[in-house]
Amino acid sequence: MNNVSKLTKFLICVVIVIAVALLLTYEYFLSYQIERGTKMADQGLKLVYEGKYTEAEVLLNKALNAIPSYKKESLSLVYKDLAFSFELQGKIDKAIDLSFSSPKPELSARAVELKSPYFRITS
């Protein structure tokens, strides 16, 4: 009976160690994804400022896919950069649609502003 009890305790310890290792690995993977997505977003915004909108759009969309959905603040920044790119290109409808899709409501206010009849793109 004592050997069974020791074996059970040992197996429980092994399961706990494996669970902790898996949890730490998953946490590391998520932090890597967030960092990777943030770097892509930064590079994408740089391309927007350089006027390379097509390349920027590809990179910013990759950033949206890389960042986990629970990171609403990071995702909102990428949505904002992508909408900004569309706005600079004169694609106001796309900018509006994207702004309303953002996980943060602040971008919806920008979308309403873009829909305003008083809005004009100035160069």
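The values are calculated or read from the model by the stated rules, or taken from the named source; none is laboratory data. Since this is a predicted model, take the numbers as computed values, not measurements. Using ideal geometry, Cβ is built from the backbone for each residue, glycine included, and neighbour counts are taken over all protein chains shown.
Could you check segment 50-97 and list, in sequence order, the residues that are aliphatic (A, V, I, L, M) and either touching a residue at least 60 places away in the same chain (Cβ under 8 Å) or surrounded by fewer than 16 Cβ atoms within 10 Å (Cβ to Cβ) (or both)? Once the filter is applied, which keeps residues that are aliphatic (A, V, I, L, M) and either touching a residue at least 60 places away in the same chain (Cβ under 8 Å) or surrounded by fewer than 16 Cβ atoms within 10 Å (Cβ to Cβ) (or both), segment 50-97 yields only 58. Of the residues making up segment 65-123, those that are at pLDDT 75 or above and in a loop (DSSP other than H, G, I, E, B) are 67, 68, 69, 70, 71, 89, 90, 91.
Filtering segment 30-49 for residues that are farther than 14 Å from residue 103 by Cβ, of a type in the set (Gly, Ala, Ser) and free of Cβ contacts under 8 Å to residues at least 24 places away in the same chain leaves a non-empty set. Got at least one residue in segment 14-27 being surrounded by 10 or more Cβ atoms within 10 Å (Cβ to Cβ) and touching a residue at least 40 places away in the same chain (Cβ under 8 Å)? For segment 14-27, residues surrounded by 10 or more Cβ atoms within 10 Å (Cβ to Cβ) and touching a residue at least 40 places away in the same chain (Cβ under 8 Å): absent. Among the residues of segment 1-53, just one is of a type in the set (Asp, Glu) and farther than 24 Å from residue 81 by Cβ, namely 27.
Residue by residue, here is whether (1) modelled with pLDDT of 85 or more; (2) part of a helix (DSSP H, G or I); (3) β-branched (Val, Ile, Thr); (4) at positive phi holds:
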residue: 3; (1), (2), (3), (4): no, yes, no, no
residue: 10; (1), (2), (3), (4): yes, yes, no, no
residue: 15; (1), (2), (3), (4): yes, yes, yes, no
residue: 18; (1), (2), (3), (4): yes, yes, yes, no
residue: 25; (1), (2), (3), (4): no, yes, yes, no
residue: 33; (1), (2), (3), (4): no, yes, no, no
residue: 39; (1), (2), (3), (4): yes, yes, no, no
residue: 42; (1), (2), (3), (4): yes, yes, no, no
residue: 45; (1), (2), (3), (4): yes, yes, no, no
